[in-house]
Amino acid sequence: MAADQRIEARPRNWLTPVALVLLREESSYGYELMEGLEGFGFEQISAGSLYRTLRRTEKEGLSKSEWEPSEGGAARRMYSITEAGESYLAAWAKACEQYQNVMDSFARAYTSR
């Protein structure tokens, strides 16, 4: 393996819980969620990926949406988290704590030499 190879040490499916945690803070439109995702390091995420994730979370009952009229423009879809989404986040947070323990152990082992 080349030393300059790009390695991404981020768990898969990270977009779902991050989008849900943003919705937990406040119901949002998709473009507002895109801005919030940047704060979590998702600068390269496409709108298509976000909207596919939002549709999937709706289908799974983790989020819901409704159309809201917009002043001077087309109606927009407002997304919010559901109780099932809250439960999903609680389980995800628990899994992250366990993952964090593994990462901390790795970091200690790596830096101890």
Can you run down the residue pairs with Cβ atoms below 7 Å, 6 or more apart or on separate chains, where the first is in segment 96-113 and within 24 Å of residue 18 (Cα to Cα) and the partner is at pLDDT below 90? 99/11
Any residue at all in segment 81-103 that's surrounded by fewer than 16 Cβ atoms within 10 Å (Cβ to Cβ) and part of a loop (DSSP other than H, G, I, E, B)? no
Would you check if there is a residue in segment 47-55 being part of a loop (DSSP other than H, G, I, E, B) and among the small types (Gly, Ala, Ser)? no
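The values are calculated or read from the model by the stated rules, or taken from the named source; none is laboratory data. Since this is a predicted model, take the numbers as computed values, not measurements. Note that we place each Cβ from the backbone using ideal geometry, even for glycine, and neighbour counts take in every protein chain shown.
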